[in-house]
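To start, the structure under review is shown below, and the notes come after it.
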Amino acid sequence: MSLFKNVTFHTTVASLNDLPTDSVCEIAFAGRSNAGKSSAINTLANHSRLAFVSKMPGRTQHLNYFRLDDGKYLVDLPGYGFAKAPAEIRAQWEGLLAPYLIHRSALAGLALIMDSRHPLTDLDRQMIDWFAQTGKPIHVLLSKADKLTRTEQAQVIRSVREGLATLSDRCSVQLFSSLKHTGVAEAEKVLGTWLGLDIGESEAAPAVVSGPPGKVARPRQRKVQGWAARSAGKEKAAAKNKKPPVA
Ligand code: GDP
């Protein structure tokens with residue numbers, strides 16, 4: 001049974017002022033356009049059309065919130081790498097995405113969807129390198145794994161794991177297929193743990209972690225921070241040296 005089966009569309013957010021105030025915990029889903037992000041959210045929610053709400057006109061550039069029980073949310077971020085005017089992309093990042101990802105205290109971690117046939121693109125690397133400054137974990141779903149042979153699957157997971165290790169020690173990675181519904185239990189285990197859901201006795205294999213063996217990428221216990229943290233200095237200084245995936 002799906003852990004996220006009661007997910008419903010909640011709202012589309014175009015401005016930081018409109019972020020849900022009742023969120024106790026949320027996970028953001030990011031990835032290149034066409035990587036399979038909407039399909040992955042639909043598969044996890046066991047709902048064939050849910051995340052396609054995010055593809056409706058007027059919603060593609062915004063944060064789309066899907067609500068679980070008890071003030072917990074899955075947040076669908078705009079896909080990156082799609083041809084748009086650089087000024088438009090920069091405005092979107094500076095106005096909404098960057099401050100959301102850096103300062104949203106309810107954000108437990110990032111689920112990053114990559115097409116398993118073309119993983120760790122430059123934009124994916126930029127995203128990971130940039131998000132790493134938050135100290136929050138990233139779980140990579142290598143989507144469309146059904147398109148790879150077993151040998152190719154083993155190769156891609158090994159090479160992505162090695163690539164991730166050079167970017168962050170807070171990453172985990174797994175294979176995923178929305179078409180075949182594979183990797184669902186493994187993803188639920190990681191994401192459900194981040195959300196503090198009761199995941200029961202899962203038989204799913206643990207996701208492969210990019211750091212030292214035995215290390216599990218979990219959210220760190222952080223002090224609750226409000227928007228005032230924007231000027232707190234430390235994170236801001238770190239942010240200056242990182243480039244978000246805007247071009
Ligand atoms: P998004 O732009 O990242 O939200 O990507 P979509 O979820 O819309 O998927 C893009 C395309 O990839 C669509 O044609 C999907 O049917 C296809 N796709 C997504 N996930 C899978 C998968 O697991 N296996 C296969 N074979 N195709 C997939």
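Where a number appears in this text, it was derived from the coordinates with a stated rule and is not lab data. Predicted model, so just to flag it, every value in this text is computed and none were measured. Every residue, glycine among them, receives a Cβ derived from its backbone with ideal geometry; neighbour counts consider all protein chains shown.
If I filter the stretch 137-151 down to residues being more than 15 Å from GLY183 (Cβ to Cβ) and surrounded by fewer than 23 Cβ atoms within 10 Å (Cβ to Cβ), which single residue comes out as nearest to the ligand (Cβ to nearest atom)?
Across the stretch 137-151, the extreme among qualifying residues is THR149.
Do we find a residue being more than 11 Å from the ligand (Cβ to nearest atom) and among the aliphatic types (A, V, I, L, M) anywhere in the stretch 31-41?
no
Being surrounded by 18 or more Cβ atoms within 10 Å (Cβ to Cβ), outside any strand (DSSP E or B) and touching a residue at least 12 places away in the same chain (Cβ under 8 Å): is that true of ILE27 here?
no
Restricting attention to the stretch 92-134, and to residues there that are of a type in the set (D, E, K, R) and part of a loop (DSSP other than H, G, I, E, B), which single residue is surrounded by the fewest Cβ atoms within 10 Å (Cβ to Cβ)?
If we take residues in the stretch 92-134 being of a type in the set (D, E, K, R) and part of a loop (DSSP other than H, G, I, E, B), then ARG117 is surrounded by the fewest Cβ atoms within 10 Å (Cβ to Cβ).
Which members of the stretch 49-91 meet the condition of being surrounded by fewer than 20 Cβ atoms within 10 Å (Cβ to Cβ), within 16 Å of the ligand (Cβ to nearest atom) and in a helix (DSSP H, G or I)?
PHE52, VAL53, LYS55
Please go through (1) surrounded by 21 or more Cβ atoms within 10 Å (Cβ to Cβ); (2) within 16 Å of the ligand (Cβ to nearest atom); (3) of a type outside the set (Gly, Ala, Ser) for HIS181 and return the number of the only condition it doesn't satisfy.
(1)
Please enumerate the residues belonging to the stretch 135-163 that are part of a helix (DSSP H, G or I) and in contact with a Gly (Cβ under 9 Å, 6 or more places away or on another chain).
The answer is ALA145, and nothing else.
Scan the stretch 1-18 and report the pairs whose first residue is of a type in the set (Lys, Arg) and whose second residue is part of a loop (DSSP other than H, G, I, E, B), with Cβ atoms within less than 7 Å and a gap of 6+ or a chain change.
Short answer, once both residue conditions are applied: LYS5/ASN46.
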